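Here is the structure we will look at.
The values are calculated or read from the model by the stated rules, or taken from the named source; none is laboratory data. Please read these numbers as outputs of a predicted model, since none were measured by experiment. Positions of Cβ are generated from backbone atoms using ideal geometry, with glycine treated the same way; all protein chains shown enter the neighbour counts. For accessibility, only protein heavy atoms count, side chains too; no ligands or nucleic acids. Shrake-Rupley method; radii C 1.70, N 1.55, O 1.52, S 1.80 Å.
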Amino acid sequence: MAQFSYSRMSHLLRLYGHKVPVSRTGTEIQPGPACCVQLARCQRSVDSKALQERQRQQMARGLPRPKPIAGVKQVIVVASGKGGVGKSTTAVNLALGILANDPLKSVGLLDADVYGPSIPKLMNLKGNPELSDNNLMIPLVNYGVPCMSMGFLVDDVAPIVWRGLMVMSAVERLLRQVDWGSLDYLVVDMPPGTGDVQLSITQNVPVAGAVIVSTPQDIALLDARRGAEMFKKVNVPVLGLVQNMSVFQCPRCDHRTHIFGSDGARQLAAAMTVEFLGDVPLHLSIRETSDRGQPVVVSSPDSPEAEAYRKVASAVVRRLEEVNT
């Protein structure tokens, strides 16, 4: 089988990404500074009117209907308003927690953070995906979870210098040009924020529900609320909030310290009338196992940390059932 690489994807995106035909009309203008200024003003006026007309036509047509991903029953997005709150670690352990709670279920994992992919490191996966006979990328698999990430197509230290349209095209290919097989759940690790990628996925894919991850810190909760409100505006059910790094317990004296505050996400969930999905502690083992590419749910399944993730996974599945009934 052939391999699919970053260079091939970059070539395809540049070839088909955004070729926009441009047409201009106008009268003959004599050269000179004043004429150039007049021409620029006329062009801006024409462009503004054309843009307004295109927007009016698009609003009249409405948003595109979300198209299901072949073989995928339900899509769960894991999001946060800001980075650094443990969203990717939560997404990985959520997928593994669903599988641990019910081994008969099939779960996939998509890394939609094109600029800063984390799934290859967290899932201990390397290499380019091969292509199937029908020219689809074959996900890399570890711990029973098929995974796809931009990180499989680039070197570890290679920056991805793309504009928004190319990023959205890349995410679209990572979603649809992949042979996912048959999945009960596809967990999508979203990039932080509320930008193009989030809107592109929620408008083009039928998302079953969103999980918002935040620390109890006030500054993180502000952005978490924005993220939750964004999903509400695009009619994606908010399954609930996960409070990550909720408490630190000293391994020597068992003293508990709320480094980032206490119960902030729980209070935010109550204020927004959404479900509180559970607490995940700030623990050394979560960081160490994540850095080794051995997530705590599979490397220490009997630990309290793994149990916390399994409880969150159970709450997410229960909320999906409630939303779908």
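Can you give the percent of C-alpha pairs in the range 72-324 whose distance is more than 32 Å? Counting pairs separated by more than 32 Å, the tail of P(r) holds 16 percent.
Tell me whether the range 80-155 comes out rounded, prolate or oblate; compute the Cα gyration tensor, take square roots of the eigenvalues as a ≥ b ≥ c, and use a/c under 1.5 as the rounded threshold.
The shape class here is oblate.
Semi-axes of the equivalent ellipsoid of the range 89-204 are 21, 16, 15 Å, computed as sqrt(5λ) over the eigenvalues of the C-alpha gyration tensor in descending order.
Largest to smallest in accessible area, the residues Asp196, Asp113 fall in the order Asp196, Asp113 (1.4 Å probe, all protein chains included).
Estimated from the Cβ-Cβ distance and a Förster radius of 30 angstrom, the FRET efficiency linking Asp291 and Arg318 is about 0.45.
Normalised by 2.2 N^0.38 Å, where N is the number of residues, the C-alpha radius of gyration of the range 160-295 stands at 1.21.
For the range 281-325, backbone nitrogen atoms closer than 15 Å to the point 7 Å from Phe248 Cα along Cα-to-C-beta are found at 281-288.
Amide hydrogen proximity for Gln74: with H placed 1.01 Å from N in the peptide plane, the residues at 5 or more positions away or on another chain lying under 5 Å are Tyr185, Leu186.
List the pairs from Lys105/Lys232; Lys121/Lys311; Lys87/Lys121; Lys82/Lys232; Lys82/Lys126 whose alpha-carbon separation is above 20 Å, in the order I gave them. Among Lys105/Lys232; Lys121/Lys311; Lys87/Lys121; Lys82/Lys232; Lys82/Lys126, the Cα-Cα distance tops 20 Å for Lys105/Lys232; Lys121/Lys311; Lys82/Lys126.
Per-residue SASA remark: Val92, around 0 Å² accessible (1.4 Å probe; ligands, DNA and RNA not included).
Can you classify the range 229-313 as rounded, prolate or oblate using the Cα gyration tensor, where a ≥ b ≥ c are the square roots of its eigenvalues, rounded means a/c under 1.5, and otherwise it's prolate if a/b beats b/c and oblate if not? Because a/c hits 1.5 or more and a/b fails to exceed b/c, the range 229-313 counts as oblate.
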